[in-house]
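I have placed the structure first, in the form of structure tokens, so that the comments after it can refer back to it.
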Amino acid sequence: MSLLTIRNVKVAYGKVVALDGVSLTVGEGELVTLVGTNGAGKSTLMKAIMGIVRCSAGEIECEGRSLFGRETHDIARLGIAYVPEGRGTLRELSVRENLRLGAFWRPWDAEAKSDLDRVLARFPILAERINQHAGTLSGGEQQMLVIGRALMSRPRLMLLDEPSLGLAPLIGQRIFDIVAELSAQGVAVLLVEQNAHAALKLAKRGYVLDMGKIVLEGEGLADSRLVREAYLGSEACGL
Amino acid sequence: MLAQQLANGVMLGSTYALVAIGYTLIFGVLRLLHLAHGEVFMVGAFAGLQALLWWQFGPLAALIVGLIASAVIGMLLELVAFRPIRKRGNSHLAPIVSTIGAGLVLQEVMTKTFGAEQTPFPSALSRVIYNLGIISVTGSQIFILSVAIVTMIALHLFVTRTRYGIAMRATSENLQVAAILGINVNTVILVTFGVASALGGIAGVLVGLNFNAISPFMGVEMGIKGMAVMLIGGLGSIYGAMIGGLLLGIVEVMSVAYLVSSLRDAFAFGLMILILILRPRGLFQTGIRTER
Amino acid sequence: MFKNWKTGSAVIGLLLAGGVSAVADVSIGILIPSSGKGASYGQQQLNAINMFMEKYSDIGGKAGKLKLVIYDTRGENTEAINLSRKLMDSDQVEAIIGPQFSAEAEVAFPLAVRGETTMITPMAAKAGIATANRPWAFRFALTTENVYRPLLDAWLKKQSTPIKKVVILMDGKDAVSSFDGKTVFPALLKDRGIEVLDTVSFQTGDIDYSAQVTRAKSLNPDGIVVSALYNEAAHTVSELRKQGMNQPIVAGVGVNDPRFIQIGGAATEGVMAASDFFAENPKPAVAAWVKDYEERFKQKPSNASGQMYDTLYLMRECIKKTEVTGADFKADRVKLRDCWANMKDLDAPLMGPTSIDKNGDGTRVPTVLVVKGPNFVVAQ
């Protein structure tokens, strides 16, 4: 059984249809990529999963439990960690406080503290800046912070929305390496990326979203001729 | 005289600060003005008065009764005047109207119960005067100042050391991010109202103890001053509200002491305008902008 | 609008008088606000008029009965003007008692001068209104100046250590308190050789008085003058005592209210003030009158009723003394004017011996009061 099942989800902002019958699954510990042009509806799908936008039809389930009608914080407590586009750093809070809030709904016990040690070991730069305001961190550091914060909740599934956006290519690559690492450790990941080439190469399975519909899905999409022409080609042209 | 006037300003300013912190906490999580907060402050003063009159409690117990009464009223206001509107989509105008209405209801209830005139507040504290070199303070003033300082330290520890305190600041910075971290935003908002209103209640009892009179309309002016302090300190900044409150208290007292009392409010709001011209986002700038 | 006092008894009086000899009644016009914004004053004054007429409608001597022609001005200036004319021209009264408010008196008094009729206001308080309309206009009430003169004398006399320097604390927003604090008190203090170190103001409705009091304290005065309404005065006095200023305090007319003591509590102990009419006055004549009033009307008499009663009484005294008969109203008007203008220590039943000064204003010794425990008492 897959961890996350999305069936025929429809979302509309007023008269504008953002998602028009999207279906998608993410298996236990699987890394799945969702690519598509700007405005294809990738972020909307993430928000629909988190209960931030309301679906007008369809079904979203996590381990067989429907997510519909649940509040965002309840969905988070099911073990779904969402890293929104633009990262969602709490800039006024210190690095430590950001990480502390990652484990908000867990007791702050020895286990949580050892998780903190593990996150800091994984991202040594965060340990150095532990008492700084998160707003003073660089873009790459902030991305590490929010991933670290997401890990503090011991997630079953991570939703990553454009983690490499606005980062230098080298740092972006570092983020992708971390994502791969997480996946290898058994955390399921749904990765949304505009950097389609890198993302599709990273994941075994992927989806292509266009105008609110899944137009392509399957394994080895990075090598698909259609994807190459429609999306990766434009990427190569520098768009 | 300057030192004594500074002390007077600090006394007045510490109550402004407590009220302004309440505004700023609520503005932080909701981005909305709570226009009945002045009345919550007033309710605290009357509750404290009852504690002193009916049950013959000491000032410390009166303070606790005042803060509990205000916290309850404040949380009730969130449930009645804010939450239903929030559930129906984000209107910025509706909560203004609903809180003004709630404030008027509180004023009317208090007027019917206690009369529209100022009610004398028993001087529960010693009138013993301590001469500390160039300034002299009464026992009651020492009590008031200690309460204000202890309250502010407690608040500082709450927002930096406790789970709900940090969650409150997170909610204040970004409601959606707080929610995706598993924070129940509605609970945090309710807690925020409780804390903010409790501070207002403490301020109400302190004003009663310090100036020996309270009235159902005392919240109106305090409400305006509290909002001014919030703007001076920087929207959403707790420490800005503390400093801004003291600053406003000192400026008011100085303008009365060295100029004319009729210009007091002109100076107070002149200070606010000046600070906003020089630093449009207040003394302690935060991520919150007024324009959204 | 027209209220002739007890038409029935007036008619009977006329018949009886007619049986004895052909003397006319002495008619006095009365202008009160028995409806409109000042209706409560007017009603209290009507109460006093009723009590008075029951006892004193017979004048005795050559005169017949006292006849009152009462009109309601509704507290409005135009009515005060029209009704003053009516009383002088159509009703041909011997004198007019009224109008009651300063604004009304200001516009009606010039008519009294033109119509050569004595007009006396029992309660209008604004300084200078009678002075501007000599020789026909008068005021029974004490101006604040006339209240404060004996008050200050009593206050200064009471102190064991003489007072040389004072600070005045006043409400800058309230018209009377501010005028008294800026003009009346300083002039009277200067006459008594006392230096006013500073005049510090606060505003009606303030809650914090610490800055003003600290400023006063820094000047180290021998005594303090508070010119404010009862609420603000109570807070000022509290703050003075709180900051350890134990100098003697004298207060303006605004504190003549039991709530001054209620709000200020123990801090008001010893504060001195003065009042024209003091309902708790133990003087037998006053106490009996107050008791009678309370029994009839189920309320405490106010200043307004006391002033009306005494003004009527003095008017009747003048009628008797100058042998006004109501036969020749023009001659009567002059006689009554001269009686009022030269009034010297004529004993009014409630407020005591009353004189009229060169300004046309009433002078007498007000009741000097001092706070003792929870009450004002007459200062010894």
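Would you confirm whether any residue within region C:233-242 is touching a residue at least 60 places away in the same chain (Cβ under 8 Å), within 30 Å of C:Lys62 (Cβ to Cβ) and in contact with a Leu (Cβ under 9 Å, 6 or more places away or on another chain)? Looking for residues that are touching a residue at least 60 places away in the same chain (Cβ under 8 Å), within 30 Å of C:Lys62 (Cβ to Cβ) and in contact with a Leu (Cβ under 9 Å, 6 or more places away or on another chain), one finds none in region C:233-242, hence no. Answer yes or no as to whether B:Ser70 is without any contact (Cβ under 8 Å) to a residue 40 or more places away in the chain and either polar (S, T, N, Q) or crowded, with 22+ Cβ neighbours inside 10 Å (or both). It is false that B:Ser70 is without any contact (Cβ under 8 Å) to a residue 40 or more places away in the chain and either polar (S, T, N, Q) or crowded, with 22+ Cβ neighbours inside 10 Å (or both). Criterion first (at the interface with chain C (Cβ under 8 Å from one of its Cβ atoms), of a type outside the set (A, V, I, L, M, F, W, C) and without any contact (Cβ under 8 Å) to a residue 40 or more places away in the chain) does B:Ser255 satisfy it? Considered against the rule, which asks whether it is at the interface with chain C (Cβ under 8 Å from one of its Cβ atoms), of a type outside the set (A, V, I, L, M, F, W, C) and without any contact (Cβ under 8 Å) to a residue 40 or more places away in the chain, B:Ser255 comes out as no. Taken together, the criteria place A:Ala150 among residues that are facing another protein chain (nearest Cβ under 10 Å) and at pLDDT 90 or above. Among the residues of region C:199-218, those that are more than 9 Å from chain B (Cβ to nearest Cβ) and surrounded by fewer than 24 Cβ atoms within 10 Å (Cβ to Cβ) comprise C:Thr199, C:Thr204. Scanning region A:87-117 for residues that are at the interface with chain B (Cβ under 7 Å from one of its Cβ atoms) and assigned to a helix (DSSP H, G or I), we see that the one that is surrounded by the fewest Cβ atoms within 10 Å (Cβ to Cβ) is A:Arg100.
Taking the criterion of being closer than 19 Å to B:Thr99 by Cα, surrounded by fewer than 23 Cβ atoms within 10 Å (Cβ to Cβ) and within 14 Å of chain A (Cβ to nearest Cβ), would at least one residue in region B:176-186 satisfy it? There is at least one residue in region B:176-186 that is closer than 19 Å to B:Thr99 by Cα, surrounded by fewer than 23 Cβ atoms within 10 Å (Cβ to Cβ) and within 14 Å of chain A (Cβ to nearest Cβ). Exactly one residue among C:Ala331, C:Ala327, C:Ala341 is among the hydrophobic types (A, V, I, L, M, F, W, C) and free of Cβ contacts under 8 Å to residues at least 40 places away in the same chain, and that residue is C:Ala331.
Within region A:14-53, the set of residues being without any contact (Cβ under 8 Å) to a residue 60 or more places away in the chain and either in contact with a helix residue (DSSP H, G or I) (Cβ under 8 Å, 6 or more places away or on another chain) or closer than 24 Å to A:Gln185 by Cβ (or both) comprises A:Thr25, A:Gly51, A:Ile52, A:Val53.
Can you name the residue in region C:186-198 that is touching a Leu at 6+ places or on another chain (Cβ under 8 Å) and in a helix (DSSP H, G or I) and is also nearest to the other protein chains (Cβ to nearest Cβ) among such residues? Step by step, filter region C:186-198, then rank; the result is C:Leu189. Please enumerate the residues belonging to region B:36-71 that are assigned to a helix (DSSP H, G or I) and small (Gly, Ala, Ser). Across region B:36-71, the qualifying residues are B:Gly38, B:Gly44, B:Ala45, B:Ala47, B:Gly48, B:Ala51, B:Ala61, B:Ala62, B:Gly66, B:Ala69, B:Ser70, B:Ala71. Can you say whether C:Phe138 is within 21 Å of C:Ala216 (Cβ to Cβ), outside any loop (DSSP other than H, G, I, E, B) and of a type in the set (Phe, Trp, Tyr), as far as the supplied structure shows? Considered against the rule, which asks whether it is within 21 Å of C:Ala216 (Cβ to Cβ), outside any loop (DSSP other than H, G, I, E, B) and of a type in the set (Phe, Trp, Tyr), C:Phe138 comes out as no. Under the condition of being within 7 Å of chain A (Cβ to nearest Cβ) and touching a residue at least 12 places away in the same chain (Cβ under 8 Å), the residues counted in region B:156-168 number 1.
Run down A:Ser138, A:Ser153 and say which single residue is under 22 Å from the mean Cα position of the chain (by Cα) and without any contact (Cβ under 8 Å) to a residue 12 or more places away in the chain.
Answer to the check: A:Ser138.
Looking at C:Ala112, is it within 23 Å of the chain's Cα centre (by Cα), closer than 17 Å to C:Thr354 by Cα and either in the same structural domain as C:Gln92 (by TED's automatic domain parsing) or basic (Lys, Arg) (or both)?
Details: within 23 Å of the chain's Cα centre (by Cα): yes; closer than 17 Å to C:Thr354 by Cα: no; either in the same structural domain as C:Gln92 (by TED's automatic domain parsing) or basic (Lys, Arg) (or both): yes.
Taking the combined requirement at face value, the residue does not satisfy it.
For region C:240-263, the set of residues classified as part of a helix (DSSP H, G or I) and facing chain B (nearest Cβ under 8 Å) consists of C:Arg241, C:Lys242, C:Arg259, C:Gln262, C:Ile263, listed by residue number.
The values are calculated or read from the model by the stated rules, or taken from the named source; none is laboratory data. Quick caveat: nothing in here was measured; it's all calculated off a predicted structure. Note: ideal-geometry Cβ built from the backbone for every residue, glycine included; neighbour counts use all protein chains shown.
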